[in-house]
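Read the structure below first, then the notes.
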Amino acid sequence: MNFIKSKILPILKNLFSDKKVRIWIAIFSIPPVLLLVTIFAVYQYYLPEIPPLSQLENITPQLVTNIYDKNGKIAHEYFVERREWTSFDSLPEMAKAAIIATEDRKFYTHWGVNVWAIPKAVMETVFSGKKLRGASTLTQQLTKLLFLTPERSISRKIKEAITAIRIEQTYTKEEILEFYMNEVYLGGGNYGFQAAGKYYFGKPLDSLTIPEYAMLAGMLQRPEAYRPDRHPELGLERRNTVLFAMYDAGVISKEDYRKYIETPLETVRANKSGKKAGLYFYEEIRKYMEKKYGENSLYADGVQIYSTIDPEIQAFAEQAAVEQIQKVRRRIQYRATRRLKLTQKYNLPEDSVVAHFDSIYALFKKDYLAADTAKDPSKWRFPDSIRYHHAEVAAIVIENETGAIRAMVGGSDFEKSRWNRTVQSLRQPGSSFKPFVYATAMDNGASPCDSVNDQPITIEDPEDPSKTWRPANFGHDFEGMMTLRRALYLSKNLPAIVTGMKYGLNNVVNYARKFGIQRAPLQAVPSLALGSVGATLMEMVSAYTVFPNGGTRIEPFLIDSIVDKSGELMEKRTLVEHEVLRPASAYLMVDMLKDVNVRGTAARVWANGFHHPSGGKTGTTNDYTDAWYIGFTKQYTMGVWIGPDSPGSMGAGHTGTEDALPIWFNVMKEIHKDLPKLQFPVPAGVSSRSICNYTGKKAGEFCSSTTYCLYSSQYAPEETCDGNHIATSSKNTNDATLFSSKGAEEAGAPLKKGETPAPKRPRRMF
């Protein structure tokens with residue numbers, strides 16, 4: 001201190017006392033002052049155009065919403081910008097090092113702008129022959145990403161520098177680097193290193209190798225030009241440049257550098273060609289999210305949705321559905337070609353007509369209508385049945401134990417029609433409704449062995465007795481007395497109507513509601529037993545899960561849980577169960593429906609080699625408008641519908657057996673290929689009896705004709721036959737028994753004298 005006072009201060013006083021020195025000091029101080037004034041003026045001029053601090057402090061980037069499949073893998077995405085935010089601590093150190101070595105080596109020391117970077121970058125490029133890094137700092141690049149346009153001008157550069165400085169004042173270096181690595185565009189619609197790593201290499205960022213980090217860092221300069229999936233040679237060259245920069249910066253050793261540049265470039269094609277599976281499934285999730293949380297939650301908030309989709313089952317279902325619907329359409333087109341004589345009209349081979357059917361049919365329609373217009377309008381006609389050659393398809397697979405929807409096919413082509421026929425179309429289920437009728441009977445004391453009379457009936461309209469309905473079986477035949485079991489597996493119409501009337505049509509309506517048939521109004525009329533109501537495929541398949549689930553219906557669901565970007569749980573599925581049938585009644589129905597797949601309308605299930613215990617029911621509505629098959633095993637229930645969007649006939653032969661069943665068979669065969677053949681357990685409350693076919697009592701030692709029957713225990717016969725039926729003749733057509741009058745006595749009056757059977761083509765459903 002004494003030294004300063006005694007030596008330094010006198011010198012300074014003498015120096016500043018010299019007039020010339022003061023003048024020179026003033027002269028030399030003018031440029032810095034002018035510079036400061038200029039900087040201040042520029043700052044004030046551009047300040048209104050600079051993002052305010054409040055905006056800088058509330059940066060909310062748009063994040064991708066990932067939908068995960070049942071295995072926890074990303075199955076689908078919704079985004080404006082494909083981005084997965086990754087915190088600084090979760091960003092790999094070598095990924096950070098690759099960026100800093102290439103883009104901004106003074107990142108941790110500068111204050112937003114590095115004035116020495118420009119000449120240094122030029123010198124390094126000249127002497128190395130490689131562009132190792134740019135002149136802009138990472139903060140400046142972040143500024144361009146977040147707030148500024150891509151224009152090249154002095155004005156823009158000034159704004160960029162000012163904003164970069166303000167960002168440095170607002171955020172830490174770690175926060176700036178986190179923003180940068182999550183915001184940068186890396187080609188292919190990917191924003192941020194996490195999304196790009198998964199897209200190009202099929203792995204999360206923390207699983208990538210150093211050469212892969214270098215590849216991503218290299219893309220910062222020209223994202224689309226250096227894409228490794230499209231421009232592998234340029235991408236490889238740029239990667240090696242980044243590796244050299246990492247070596248030059250001391251991040252990796254010379255030996256590692258030489259090893260890494262020899263590493264081949266391997267990517268996964270995230271943009272694979274072909275149509276993506278499960279689009280109808282994901283569309284339902286989209287509609288749910290937008291309805292409950294708003295559109296922004298799906299496209300910007302970065303939520304994680306854990307769905308129930310099984311990608312393998314979905315793929316099986318879509319492939320089988322598309323292949324089958326093409327066959328169905330082709331059959332319709334061939335029939336139309338022959339019926340309309342298109343080969344003769346246009347002098348073309350039949351196969352050529354079918355191959356170009358849409359175009360030829362459009363021409364035919366024009367000619368046909370032109371000819372019609374010359375006639376009396378009352379005589380105009382058009383072959384409506386031909387209009388429906390564009391039959392559509394829907395299918396759904398539900399896991400019985402959980403209610404999880406494992407696959408959903410809403411149509412043949414999502415891009416052409418987003419109408420989801422699985423959940424949006426109300427169609428008549430035809431005979432696939434009959435199990436609800438018989439379930440009502442089983443739950444109210446009936447047995448599969450109870451008899452019903454298959455005979456012609458006439459039903460009067462209660463509001464207008466002059467109007468009558470005379471339903472018929474599909475085959476226009478009548479077998480007389482038969483068991484409920486046989487009536488179901490042969491899909492007989494008249495026994496179903498009689499059974500529904502015996503156990504109460506209002507009762508059937510109530511049970512159908514319990515089964516989950518909710519959307520359409522249900523009327524307690526005889527045609528209800530034949531599936532004249534409207535129902536969605538989703539409702540029908542969910543209803544059928546009641547049988548393998550022992551009488552309980554579990555609400556089906558698409559979403560297991562939803563998590564926000566912070567990892568907080570937004571919602572979690574809770575099990576919703578509905579008691580529909582007693583377990584014993586459900587088992588009786590399972591036992592009856594198994595016969596459908598063994599010797600009934602779906603017998604080809606067993607005949608073609610699917611020997612897992614299974615049950616189901618076909619359905620075809622009148623005039624061949626809708627074709628259904630719904631079936632189940634212990635593990636899964638699957639339903640299929642085929643038909644035109646606008647109700648109209650597909651033509652004779654388009655039944656549930658022919659059109660819908662093949663899809664079910666092909667999918668379920670694949671699903672169960674490695675699954676055990678689980679039996680349906682017999683619950684408490686089910687009793688078995690050997691029944692005398694003459695009396696309907698428990699068979700005694702003197703009974704020669706017996707039938708093995710199942711019952712709900714409280715309704716099982718307890719009295720034993722004494723064998724006193726020598727004079728009684730047995731009636732045992734197939735497995736039909738005459739031991740019960742349930743249903744038979746209420747079968748309706750026979751045809752009156754002079755009446756004739758119903759016409760050959762009545763309104764029919766089976």
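The values are calculated or read from the model by the stated rules, or taken from the named source; none is laboratory data. Worth saying up front: this structure is predicted, and the values here are computed from it rather than measured. Quick reminder, even Gly has a Cβ in these numbers, built from the backbone with ideal geometry, and neighbours come from all protein chains shown.
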Only residues that are closer than 17 Å to PHE665 by Cβ, not in a loop (DSSP other than H, G, I, E, B) and not aromatic (Phe, Trp, Tyr): list them for the range 623-639, please. ALA627, ILE630, GLY631, THR637, MET638, GLY639
Subset of the range 685-706 (residues that are touching a residue at least 40 places away in the same chain (Cβ under 8 Å) and over 47 Å from the mean Cα position of the chain (by Cα)): ILE691, CYS692, ASN693, TYR694, THR695, GLY696, LYS697
Strands (runs of 3 or more DSSP E) enclosed by the range 418-499 - at least 3 residues per element that are surrounded by fewer than 20 Cβ atoms within 10 Å (Cβ to Cβ) and without any contact (Cβ under 8 Å) to a residue 40 or more places away in the chain: 464-469
Residue check, LYS634 touching a Pro at 6+ places or on another chain (Cβ under 6 Å), on the phi < 0 side of the Ramachandran plot and buried (at least 22 other Cβ atoms within 10 Å of the Cβ): no
Return yes when TYR288 is in a helix (DSSP H, G or I) and either touching a strand residue (DSSP E or B) at 6+ places or on another chain (Cβ under 9 Å) or surrounded by fewer than 18 Cβ atoms within 10 Å (Cβ to Cβ) (or both) and no when it is not. yes
Quick one: in the range 75-119, which of the residues that are in a helix (DSSP H, G or I) and not hydrophobic (A, V, I, L, M, F, W, C) is modelled with the lowest pLDDT? PRO119
What's the total number of residues in the range 644-664 that are closer than 17 Å to VAL533 by Cα and within 21 Å of the chain's Cα centre (by Cα)? 1
Here are VAL682, VAL667: which of them is in a helix (DSSP H, G or I) and either surrounded by 24 or more Cβ atoms within 10 Å (Cβ to Cβ) or more than 23 Å from the chain's Cα centre (by Cα) (or both)? VAL667
Kindly indicate whether any position in the range 296-303 is outside the structural domain of LYS106 (by TED's automatic domain parsing) and without any contact (Cβ under 8 Å) to a residue 60 or more places away in the chain. yes
Just checking, how many residues over the range 320-353 are touching a helix residue (DSSP H, G or I) at 6+ places or on another chain (Cβ under 9 Å), without any contact (Cβ under 8 Å) to a residue 24 or more places away in the chain and polar (S, T, N, Q)? 3
Can you pull out the residues in the range 504-524 that are closer than 12 Å to PHE433 by Cβ and at pLDDT 95 or above? VAL508, VAL509, TYR511, ALA512, PHE515, ILE517
Here are the criteria: (1) assigned by TED's automatic domain parsing to the domain that holds LEU243; (2) part of a loop (DSSP other than H, G, I, E, B). Tell me which single one ILE309 does not satisfy. (1)
Look through ILE313, ILE309, ILE325 and report the one residue that is of a type in the set (Val, Ile, Thr) and touching a Phe, Trp or Tyr at 6+ places or on another chain (Cβ under 7 Å). ILE309
